[in-house]
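The values are calculated or read from the model by the stated rules, or taken from the named source; none is laboratory data. Note that this is a predicted model, so its numbers are computed, not measured. So basically every Cβ, Gly included, is an ideal-geometry build from the backbone, and we count neighbours across all protein chains shown. Just so you know, the surface numbers come from the protein's heavy atoms only, side chains and all, with ligands and any DNA or RNA stripped out. Shrake-Rupley method; radii C 1.70, N 1.55, O 1.52, S 1.80 Å.
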Amino acid sequence: LLIQPQSEWGKHPYLPNGLLALASILMSVGIKVKIIDMNIDASLPSIKKLNHYEWIGIGILGAPYIPSAIRLAKEIRSMGYENKVYIGGPVVDKINNNDWQKLFISNQLTNIEVVQNQADLKIMLGEINLPDMYNCSMAKAIQNLSEKMKRIYFSKEFCIFTSDGCMFNCSFCAANKGQSEQFRNLTIFRNEVITITK
């Protein structure tokens, strides 16, 4: 189960590209995935339903989502969910492990694990061969969203992931810095666009 925490500033739901990218990678190796967006479904499923999931991943889209992600992790644990709970996402990759440990300790989160990048993901899943996000279509993950989610996401503006990386080192930017821009496989990206426009 992958969960997008609730936005702290109350804006409408955005297409969760990070969770969709992760879901597509997991689905490509045969792992069944469900995505919940707390901006659409305001409450978690019952503990009986949560216990059907082998693990739960909480995605952090931006720094303002950190408090709601921590609250969500606490709520999941307080409900009695005992399987693995992970926190990951673009922001997690940019914050060093020492700072994450401080955040967890200060918020009394001792049983949550951080997945910072694809290397961590491979370790977490048992070193299986995973495609990278540049060569994996989000089409199946998009098709797997509920009709309600698709209607909400695609009735407003949304972002499409095309590339990452920048030779510059601007502190305000979330791009992977100090490296050439890397673009997604064009055939795979085209497949994604066709899926969105259907």
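For the condition out of contact with any Lys or Arg (no Cβ under 8 Å at 6 or more places or on another chain), without any contact (Cβ under 8 Å) to a residue 24 or more places away in the chain and either among the aromatic types (Phe, Trp, Tyr) or surrounded by 13 or more Cβ atoms within 10 Å (Cβ to Cβ) (or both), what is the one hit in 41, 99?
Result: 41 is the single residue among 41, 99 that is out of contact with any Lys or Arg (no Cβ under 8 Å at 6 or more places or on another chain), without any contact (Cβ under 8 Å) to a residue 24 or more places away in the chain and either among the aromatic types (Phe, Trp, Tyr) or surrounded by 13 or more Cβ atoms within 10 Å (Cβ to Cβ) (or both).
Out of everything in the range 32-56 that is assigned to a loop (DSSP other than H, G, I, E, B), among the aliphatic types (A, V, I, L, M) and more than 20 Å from residue 92 (Cβ to Cβ), what residue ends up being modelled with the lowest pLDDT?
Per the criteria, the residue is 42.
Condition check ((1) under 26 Å from residue 31 (Cβ atoms); (2) surrounded by 12 or more Cβ atoms within 10 Å (Cβ to Cβ)) across all residues:
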position: 105; (1), (2): no, no
position: 130; (1), (2): yes, yes
position: 136; (1), (2): yes, yes
position: 141; (1), (2): yes, yes
position: 164; (1), (2): yes, yes
position: 170; (1), (2): no, no
position: 175; (1), (2): no, yes
position: 182; (1), (2): yes, yes
position: 187; (1), (2): yes, no
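I need the helices (runs of 4 or more DSSP H) fully contained in the range 133-198, keeping only those with at least 1 residues that are free of Cβ contacts under 8 Å to residues at least 12 places away in the same chain. Full working, then the answer.
Details: elements: 139-143, 147-154, 186-197.
Hits in the range 133-198: 147-154, 186-197.
Which residue is modelled with the highest pLDDT, if the candidates are limited to the range 78-96 and must be assigned to a helix (DSSP H, G or I) and either open to solvent by 50 Å² or more (accessible area, probe 1.4 Å) or of a type in the set (Gly, Ala, Ser) (or both)?
Only one residue fits best here, namely 78.
Are any residues in the range 1-31 assigned to a loop (DSSP other than H, G, I, E, B), more than 21 Å from residue 157 (Cβ to Cβ) and not hydrophobic (A, V, I, L, M, F, W, C), and if so, which ones?
30
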